[in-house]
Amino acid sequence: MTETGGIAGDRLRSFVERIERLEEEKAALAADIREVYSEAKGTGFDVKVIRQIIRLRKLEVSDRQEQEEILDLYKRALNM
C-alpha cells in the first residue's frame, strides 16, 4: 500500500474507482428511466402526472393523506 502524507493511496484509489463505477451505473439507470418516460409519453400518458404519482407513492400512506387533505383545504379556501 502506497502512503503519501499519511494517506493510503491504494485504499483511496479503490474508493474512487468504486464511486466512478457507481456513477456510471447511475447514469445508465437515469437514461433507462428517461426512456421509459418517453415510451409512456409515446403511448399517450401524461409524464408530469406519472412523475407526481411516483413521488406520492414514495410517501407513507399517512403523509400522503395529510398532503391530500391540506391540498383540498387550500383549494376550498381559494374556491377552486
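Quick notes on this one:
- Cβ-Cβ contacts under 8 Å between residues 6 or more apart (or on different chains), taken from a first residue in segment 54-70 that is surrounded by 11 or more Cβ atoms within 10 Å (Cβ to Cβ) to a second residue that is in a loop (DSSP other than H, G, I, E, B), are listed as 67/59.
- Residue in segment 6-19 that is in a helix (DSSP H, G or I), in contact with a Lys or Arg (Cβ under 7 Å, 6 or more places away or on another chain) and surrounded by 10 or more Cβ atoms within 10 Å (Cβ to Cβ) present: no
- Boolean, residue 43 is among the β-branched types (Val, Ile, Thr) and either loosely packed, with under 10 Cβ neighbours inside 10 Å or at pLDDT 95 or above (or both): yes
The values are calculated or read from the model by the stated rules, or taken from the named source; none is laboratory data. Everything numeric in this text was worked out from a predicted model, so none of it was measured. For neighbour counting, all protein chains shown are included, and Cβ atoms are generated from backbone atoms with ideal geometry for every residue, glycine included.
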